[in-house]
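Here is the structure we will look at.
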């Protein structure tokens, strides 16, 4: 019953039926799994191209969140004196910048990913989902590097990790899911409406201020917190803060709303992407 | 054993306004057409074709291919061959009908299919192999065979953006053919390689078929099709004109090509200007009179009769001569920027005597006004020269063309 999808899809007896799309089609995630070698090659390709070309390539991954942290600390920490729950502001905001940078980078990368791979898409078949999926994975390298900086900062501020730290992998998974979900929507939309890629930088800017990066979700009035939770990154960021810094448990209702949104966006994104997939080669 | 089975396959493209890629433009268009409709006119734009802005690239295709067959798909440019291959390769989807395929498909639809220019040959082999669904181990096993066949062993660690187009296509073909797909689809890429490579590829395709795999081959080169294919499919205007034995299909194809003096159907032409520039007749003249076949030893003239439906700042017509799928020459009707006024036109091309040899040439016709504004019709007419060799023997008249040359020999001392 549980046949290796690779056997199924690539055997000489596998029957493929090519016909017009009707209604809601199956997501066929098994096929994406069967093409996992391709996924890893594409992810590696992205990573190596990124670092081959720019001299400061690796440095930029560190410079960007660190610079943002410094600027936020000065403006929001010192001048505006936003509360940071008794934690030194720099690390308070850096904990949020960690998953946020990953998310922001994934968005910018994925919105143009299909158009950028047009030479592949118009010539060869593979399940197109592989492309946004690979972007989600290639961003992890940057995340890992930024995480090393975080460890350094935790040592500096003498913050001991609590048992919340065991939730970190799970939270990272949620961050990846959120990136993938939004990424799928943006990618599919961008193929059809090419101006989406110009909207994305603005969207990311605005989104950052709508997320608890420079401030804590605690400053949002209680009755509005559920609305605030509609932002999929709220759950991830507050979760990261809690797991790493071990302070107060964030508002459970708000977190729940946020995680549900992440899941809904992913499912919606997968179906929309699948629906648009067939027309990609015609309009890319 | 059936490997490919197509029923009622059809593919429709919508042209015109639907094709903008910008949300802002779409909204603009929507507003404009709404406003236009309020004022009692249709959406802004050119006169529509009879069936609206739709174009059926393929319609009602029914065919079957068995294991081990080599199917040759032939037809004029625009007949739908490439669209059919794209559907079979799952790059685009049919609008109606369906196809059932058994096995893995490897397609070569263009030079450097799937290659990434920044990666080396080695990395691209693995990338392409992974695209075809192979594991790294499987690719490693075949790696040496692939690089040997493609004759790129020395260059395998150089980024492919440095490869010549010949190397590109050799490597692409090598990868596709050696990774043992059940179905191999090849679309005219062979035209890029040299004769030796083409022979090698044909040989390999024959081997692939003998191993029990199936090959689909699109070509304009009739001798390739004749030598390699066991079955042929002739497409015309998106429909099957003939399917069956190769000799009959080729004969049917030649019959369909216009003779000198025939009216050229506008359906031959594609391109953005195809409803603004119409070419309706091609005539061959020799000695001042129309001649259906020509004497290669005399000068001759090719005339295109047509009509421009509007004035063009610049418009240039061209004639391309082909023989056996090889592009022999191109001729243009105006040396510098020249205006085309609305109305009828006749473009004359005066050709030299004794350059083209006896035999059959195919003519393609095109026109261009600026980048992106063109029409093109492949295989529009045949040009036949009678077997008049001017009394020279076979050894003295080899080659497709006879060059007007002079030679002399000096012996010093």
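The values are calculated or read from the model by the stated rules, or taken from the named source; none is laboratory data. Every value quoted in this text rests on a predicted model; they were computed, and no experiment measured them. Glycine also receives a Cβ, built like all others from the backbone with ideal geometry; neighbour counts cover every protein chain displayed.
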Restricting to the range A:8-65, give me the number of residues that are at pLDDT 70 or above, within 9 Å of chain B (Cβ to nearest Cβ), out of contact with any strand residue (DSSP E or B) (no Cβ under 9 Å at 6 or more places or on another chain) and not in a helix (DSSP H, G or I).
2
Restrict the check to the range A:80-102 and report whether at least one residue is over 22 Å from residue A:243 (Cα atoms) and out of contact with any strand residue (DSSP E or B) (no Cβ under 9 Å at 6 or more places or on another chain).
yes
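Among the helices (runs of 4 or more DSSP H) confined wholly to the range A:180-284, which include 3 or more residues that are more than 14 Å from chain B (Cβ to nearest Cβ) and under 26 Å from residue A:80 (Cα atoms)? Walk me through how you get there before you give the answer.
Values: elements: A:196-209, A:225-228, A:232-245, A:252-277, A:280-283.
Where helices (runs of 4 or more DSSP H) fall fully within the range A:180-284 and carry at least 3 residues being more than 14 Å from chain B (Cβ to nearest Cβ) and under 26 Å from residue A:80 (Cα atoms), they are A:196-209, A:225-228, A:232-245.
Here's the yes/no breakdown for (1) free of Cβ contacts under 8 Å to residues at least 12 places away in the same chain; (2) away from chain A (no Cβ under 14 Å):
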{"position": "B:123", "(1), (2)": "yes, no"}
{"position": "B:126", "(1), (2)": "no, no"}
{"position": "B:129", "(1), (2)": "no, no"}
{"position": "B:133", "(1), (2)": "no, no"}
{"position": "B:146", "(1), (2)": "no, yes"}
{"position": "B:152", "(1), (2)": "no, yes"}
{"position": "B:158", "(1), (2)": "no, yes"}
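Does residue A:121 satisfy being within 12 Å of chain B (Cβ to nearest Cβ) and either buried (at least 19 other Cβ atoms within 10 Å of the Cβ) or over 24 Å from residue A:64 (Cα atoms) (or both)?
On the way: within 12 Å of chain B (Cβ to nearest Cβ): yes; either buried (at least 19 other Cβ atoms within 10 Å of the Cβ) or over 24 Å from residue A:64 (Cα atoms) (or both): yes.
Answer is yes for this residue.
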Conditions: (1) assigned to a helix (DSSP H, G or I); (2) at pLDDT below 90; (3) under 27 Å from residue B:6 (Cα atoms). Residue B:77 meets all but one. Number of the miss?
(1)
Restricting to the range B:338-363, and then to whatever is more than 23 Å from residue B:293 (Cα to Cα) and not in a loop (DSSP other than H, G, I, E, B), can you tell me which residue is modelled with the lowest pLDDT?
B:340
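Looking only at strands (runs of 3 or more DSSP E) that lie completely in the range B:275-337, which have at least 2 residues being farther than 16 Å from residue B:375 by Cα, in contact (Cβ under 8 Å) with a residue 24 or more places away in the chain and under 24 Å from the mean Cα position of the chain (by Cα)?
On the way: elements: B:277-286, B:300-308, B:316-323, B:326-332.
Once the strands (runs of 3 or more DSSP E) in the range B:275-337 are filtered for at least 2 residues that are farther than 16 Å from residue B:375 by Cα, in contact (Cβ under 8 Å) with a residue 24 or more places away in the chain and under 24 Å from the mean Cα position of the chain (by Cα), what remains is B:300-308, B:316-323, B:326-332.
Residues to consider are A:102, A:89; find the one that is away from chain B (no Cβ under 14 Å) and farther than 24 Å from residue A:158 by Cα.
Details: A:89 fails: farther than 24 Å from residue A:158 by Cα.
Unique residue meeting the criteria: A:102.
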Among the candidates B:386, B:375, residue that is in contact (Cβ under 8 Å) with a residue 60 or more places away in the chain and within 29 Å of residue B:270 (Cβ to Cβ)
B:375
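For the range A:269-283, state whether one or more residues are without any contact (Cβ under 8 Å) to a residue 40 or more places away in the chain and touching a strand residue (DSSP E or B) at 6+ places or on another chain (Cβ under 9 Å).
Step one: of the range A:269-283, the residues without any contact (Cβ under 8 Å) to a residue 40 or more places away in the chain are A:282.
Keeping just the survivors that are touching a strand residue (DSSP E or B) at 6+ places or on another chain (Cβ under 9 Å) gives A:282.
Yes - at least one qualifying residue is present in the range A:269-283.
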